[in-house]
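Everything below concerns the one structure shown next.
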Amino acid sequence: MSRFLVEGGHRLSGELTVQGAKNSVLPILAATLLNRGVSVLSNCPRLRDVDASVEILRYLGCSVLREGDTLSVDTSGLNRAEISDTLMREMRSSAVFLGALLARCGAAELSYPGGCELGPRPIDLHISGLRALGAAIGEEGGILHCEAPALRGCEIVLSLPSVGATENLMLAACGAEGVTSIVNAAREPEIADLQGFLRACGAKVSGAGTDLVTVEGRAPLHGGAYRIMPDRIAAATYLCAAASAGGAIRLLGAEERQLATVTAVLREAGCVIGGEKGGITCRCGGRLTAVHPIRTAPYPGFPTDAQAVAMAALLRSQGSTVFEENIFTGRYRHVDELIRLGGVIRVSGRVAVVTGVDALHGAKVRSTDLRGGAALCVAALAAEGTSEVQEIQHIDRGYEDLAGQLRALGAQIVREE
């Protein structure tokens, strides 16, 4: 089993280029199924979740080749519309293949997706929206049996701005006759990135980044070339690492506009953040101060994916900070592990209160999920002594060589297999 050994007490300095966005590349890989050509995707990070998506594409009969950070996907050989239970259980976002298969094949068969255990993440909105487009969906033994010989565009109003449902419906709508309007759509930058790829392939999609996405279906589609956007959550993680350890770093490719709520918290805590063309700079010196309550919310609110790393950065702050998690019920699983490092945290339902301490100490901890694992590394950078972070396979799902990236900034962290 792999682990990280982290020696705390070293300030960070230097610059690094932020990896491609995990939450963009996964739905875009599914979207390649919509055309029968070759799609060339650059800035694709090497992640366990990306590998899982590639395996699904190959299982479906597609050809996928990687050269450096570029994936070439040829979907002309697609020969099945079902995905094995084993592959579906690898990650939550595998559900997005449902909309793409219905648009391309008129049928799909797959099980419920897996991934990090963050509490219920039902795909009810996905299913109800696809049914509105004309899909017949039944369930037997945890397997979804879907048929849609003739999808038709319509207006779909989401009760919640679900990212996954918005993506799934965008893909399915590309194969529907007429116009589809997705009301109360998710506004995350990754939705706009998916739209960018679809347009590069000839799709008629507009409105991504707002709460109304419109798709004119049945446009002739072809393979396209597209560059995946930088990962804003990875950028938030490295900013919080600098806040935790202290120092000055520059993140190339990151856009502060997409991280405004995170950088606002770090500024309030005492960091100096600079948003510049082509990157973000962060300088943190001295002990941080507690900040106003941090409440997670759909974009453009504070991202739930950044909650854990922000909490880790504030463990040694002066005063107390209140966190309110409004997206996932199981998103505080990292708290007990942060307490092992010396953090003082009280949890009641959706609320966690972090009271800053003078010092953290090294400890043996385990990653509970992707972002929680990253938070343990962020906290360990500020701890006295050496910490051992176990079960880092969760971290590998969303970070490309986290240890190597942190070492490039001066951290003392090594990976042991």
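The values are calculated or read from the model by the stated rules, or taken from the named source; none is laboratory data. Bear in mind the structure is a predicted one, so any value in this text is a computation, not a measurement. With ideal geometry, Cβ positions are generated from the backbone for all residues, glycine too; neighbour counts draw on all protein chains shown.
Tell me, which residue of region 78-101 that is part of a loop (DSSP other than H, G, I, E, B), of a type in the set (A, V, I, L, M, F, W, C) and at pLDDT 95 or above is surrounded by the most Cβ atoms within 10 Å (Cβ to Cβ)? By that ranking, first place goes to Ala81.
Has region 51-60 got any residue that is surrounded by fewer than 16 Cβ atoms within 10 Å (Cβ to Cβ), basic (Lys, Arg) and over 21 Å from the mean Cα position of the chain (by Cα)? Yes - at least one qualifying residue is present in region 51-60.
Restricting the first member to region 187-207 and to residues that are within 18 Å of Ala254 (Cβ to Cβ), and the second to residues that are polar (S, T, N, Q) and part of a helix (DSSP H, G or I), the beta-carbon pairs closer than 6 Å and six or more apart or on different chains are Pro189/Gln258; Glu190/Asn23; Glu190/Ser24; Asp193/Ser24. Residue count for region 383-408, restricted to those that are crowded, with 24+ Cβ neighbours inside 10 Å and more than 19 Å from Arg331 (Cβ to Cβ): 4. So which residues in region 252-270 are in a loop (DSSP other than H, G, I, E, B) and in contact with a Ser or Thr (Cβ under 8 Å, 6 or more places away or on another chain)? Correct list: Gly253, Gly270. Keeping to region 131-153, report how many residues are part of a loop (DSSP other than H, G, I, E, B) and farther than 18 Å from Gly175 by Cβ. Selection size over region 131-153: 2. Restricting attention to region 248-278 and to residues that are touching a helix residue (DSSP H, G or I) at 6+ places or on another chain (Cβ under 9 Å) and small (Gly, Ala, Ser), the residue that is farthest from Asp358 (Cα to Cα) turns out to be Gly253.
Selection within region 1-50: residues that are charged (D, E, K, R) and within 20 Å of Ala374 (Cα to Cα). The member of this set that is surrounded by the fewest Cβ atoms within 10 Å (Cβ to Cβ) is Glu15.
Between Ile273, Ile233, the distinction of being touching a residue at least 60 places away in the same chain (Cβ under 8 Å) and under 20 Å from Pro300 (Cβ atoms) belongs to Ile233 only.
Of all residues being out of contact with any strand residue (DSSP E or B) (no Cβ under 8 Å at 6 or more places or on another chain) and of a type in the set (S, T, N, Q) in region 159-199, which is nearest to Leu41 (Cα to Cα)? Just the residue, please. It comes out as Asn168.
Residues checked against (1) more than 24 Å from Ala173 (Cβ to Cβ); (2) part of a strand (DSSP E or B):
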position	(1), (2)
Val6	yes, yes
Gly9	yes, no
Glu15	yes, yes
Ser24	no, no
Cys44	yes, no
Glu55	yes, no
Arg58	yes, no
Ser72	yes, yes
Ser76	no, no
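The number of residues in region 312-341 being in a loop (DSSP other than H, G, I, E, B) and of a type in the set (Asp, Glu) comes to 1. With respect to the stated conditions, Arg346 fails to be basic (Lys, Arg) and surrounded by 15 or more Cβ atoms within 10 Å (Cβ to Cβ). Can you confirm whether region 325-346 contains a residue that is of a type in the set (Val, Ile, Thr) and within 24 Å of Cys282 (Cα to Cα)? The answer is no, given that none of the residues of region 325-346 is of a type in the set (Val, Ile, Thr) and within 24 Å of Cys282 (Cα to Cα).
With outside the structural domain of Ala234 (by TED's automatic domain parsing) and touching a residue at least 12 places away in the same chain (Cβ under 8 Å) as the only criterion, which of Val73, Val64 stands out?
Being outside the structural domain of Ala234 (by TED's automatic domain parsing) and touching a residue at least 12 places away in the same chain (Cβ under 8 Å) holds for just one of Val73, Val64, which is Val73.
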